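Report on the following structure.
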Amino acid sequence: MAYDIIGDIHGCSRTLMSLLDRLGYERKSGIYRHPARKVIFLGDFIDRGPAQREVLGIVRPMIDSGSALAVMGNHEFNAIAYATFNDQTHEYLRPHSEKNLRQHQAFLDAYADNAGEYAEVIEWFGE
């Protein structure tokens, strides 16, 4: 099996779709697939770019269906820590500082209207 390595998508769905198209992946039933290769995503799906949810809508079905693999990036790790409250210290694992909020704001904004979906995505990051 041959692999394509893709990292640092950072919420840029159009760029990702263009790259997958150029690499010969075809979208069938909502999932990008290649007849002879798989993608290995090197994480950093989120933060910065304008299309956080759209990127996850592309990569997640690929990973869940087996047409891609993924390594957790530091931005997904930070999202988990930002969302996880430590009952012993009474603080989040990643402080909700101005700096951390600024780095993570695009992802938080993308899910501001749906706390349940946000929690489910955070859980998926940790799987």
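The values are calculated or read from the model by the stated rules, or taken from the named source; none is laboratory data. Quick caveat, the model's predicted, so the values are computed rather than measured. All Cβ positions, even for glycine, are placed from backbone atoms using ideal geometry, and neighbour counts span all protein chains on display. Side chains are part of the model used for accessible areas, which takes the heavy atoms of the whole protein and leaves out ligands, DNA and RNA. Shrake-Rupley method; radii C 1.70, N 1.55, O 1.52, S 1.80 Å.
Data overview
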quantity: Structure-derived P(r) over Cα pairs in 10 Å bins from 0, in percent: which label, when the choices are [x] 12, 36, 26, 14, 9, 2; [y] 13, 44, 29, 11, 3; [z] 12, 36, 31, 15, 6, 1; calculated: [y]
quantity: Carbon + sulfur, % of accessible area of the chain - ligands and nucleic acids excluded, 1.4 Å; calculated: 52 percent
quantity: Gained length - residue 23 relative to residue 36, 0.36 nm times residue gap less alpha-carbon distance; calculated: 3.6 nm
quantity: Computed label-point distance, nm, for sites residue 87 and residue 5 using a 7 Å Cα→Cβ extension; calculated: 4.2 nm
quantity: Residues of segment 47-127: accessible area per residue with a 1.4 Å probe, Å²; calculated: 57 Å²
quantity: Highest-MSF residue in the chain out of 60, 48, 37 [GNM, Cα springs under 10 Å]; calculated: 37
quantity: Heavy atoms of residue 64: accessible area, 1.4 Å probe, square angstrom to 10; calculated: 100 Å²
quantity: Pairwise label distance in nanometres, residue 105 with residue 119, each label 7 Å out on the Cα-Cβ vector; calculated: 2.7 nm
quantity: Other-chain or far-sequence residues with amide H under 5 Å of residue 40's (modelled H); calculated: 4, 5, 6, 69
quantity: Residue 15 accessible area, 1.4 Å probe, all protein chains in place, Å² to nearest 10; calculated: 90 Å²
quantity: Residue 65-residue 112 pseudo-label distance in nm [points 7 Å out on the Cα-to-Cβ vector]; calculated: 3.2 nm
quantity: Dipole magnitude of the chain about its Cα centre (Cβ charges: Lys, Arg +1; Asp, Glu -1), debye to nearest 20; calculated: 600 debye
quantity: Charge context of residue 2, other residues only, Cβ under 9 angstrom, K/R +1, D/E -1; calculated: +1
quantity: Candidates 117, 98, 26, ranked by Gaussian network fluctuation over the chain, Cα under 10 Å, top entry; calculated: 98
quantity: Antiparallel content of DSSP bridges confined to segment 1-112, in %, to 5; calculated: 40 percent
quantity: Residue 28 - accessible surface, heavy atoms, 1.4 Å probe, Å² rounded to 10; calculated: 110 Å²
